[in-house]
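Each remark here refers to the structure printed beneath this line.
The values are calculated or read from the model by the stated rules, or taken from the named source; none is laboratory data. Being a predicted model, the structure only gives us computed values, none of them experimental. Note that we place each Cβ from the backbone using ideal geometry, even for glycine, and neighbour counts take in every protein chain shown.
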Amino acid sequence: MSILMPILIGLIAVTLISLIPEPHRRAVNAVIVAGAGAAYLSGGALGYAEFVLPIVMTYVAYRGLTSYAWIGIGWLLHTVWDVIHHLKGAPILPFAEHSSFGCAICDPVIALWCFAGGPSVIGWVRARLSRKEAAPLAPAE
C-alpha cells in the first residue's frame, strides 16, 4: 500500500491538472513544479544546501513555460530531493514519516505524463472509449 497510494495520488494529480485547457495547462504545471522546489525549505535538514533546489527549479520552471520536457525534468529533480530527505530522516511532512518516500514515487508519475506532452487524461479516455464503440463487431461464425 505504501507504493500504490503515491502512484494513485500521482494519477489523480495528472487527471486534475489535465482538466486545465491548453495553453494554460503547461504554464500552471511550470508554476506547480517551481513551488515544489521550495517544499523543503522550512525543514532545513540540508542546511544551506536547501537553497540549491529552489534556485535550480526556478530555472527549470522558466524553461517549462515552453516545454513539458523541462517540467518533467523538474519532477525528476524533486524526486532526487525526496530520496535525499527520506534517507536523511527529514520528511516533507514532519508528521508523516514516509511522506518523502511517497513523494519520490508520486513525482515520476507526473514526470512521465509531462514527458508525454501533458495530454488531457479525460480526452485520452474518451478517445479510447469512442474507438471501442466505433469498432465493428466480429461476424458470428
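General observations
- For the residues Ala45, Ala39, the requirement of being among the aliphatic types (A, V, I, L, M), in contact (Cβ under 8 Å) with a residue 40 or more places away in the chain, surrounded by 19 or more Cβ atoms within 10 Å (Cβ to Cβ) and not in a helix (DSSP H, G or I) singles out Ala39.
- Any hit, region 25-36, residues being aliphatic (A, V, I, L, M), free of Cβ contacts under 8 Å to residues at least 12 places away in the same chain and within 21 Å of Ser100 (Cα to Cα): no
- Boolean, Ala61 is at pLDDT below 95 and within 16 Å of the chain's Cα centre (by Cα): no
- Residue list for region 25-36, restricted to those being surrounded by 15 or more Cβ atoms within 10 Å (Cβ to Cβ) and out of contact with any His (no Cβ under 8 Å at 6 or more places or on another chain): Arg25, Arg26, Ala27, Asn29, Ala30, Ile32, Ala34
- Residues satisfying the stated conditions in region 48-62, i.e. touching a residue at least 24 places away in the same chain (Cβ under 8 Å) and either among the acidic types (Asp, Glu) or more than 8 Å from Gly37 (Cα to Cα) (or both): Val60, Ala61, Tyr62
- Of all residues in region 93-102, at least one satisfies being in contact (Cβ under 8 Å) with a residue 40 or more places away in the chain and either buried (at least 20 other Cβ atoms within 10 Å of the Cβ) or hydrophobic (A, V, I, L, M, F, W, C) (or both).
- Residues (assigned to a helix (DSSP H, G or I) and either of a type in the set (Phe, Trp, Tyr) or in contact (Cβ under 8 Å) with a residue 40 or more places away in the chain (or both)) located in region 1-24: Met5, Pro6, Ile7, Ile9, Gly10, Leu11, Ala13, Val14, Thr15, Ile17, Ser18
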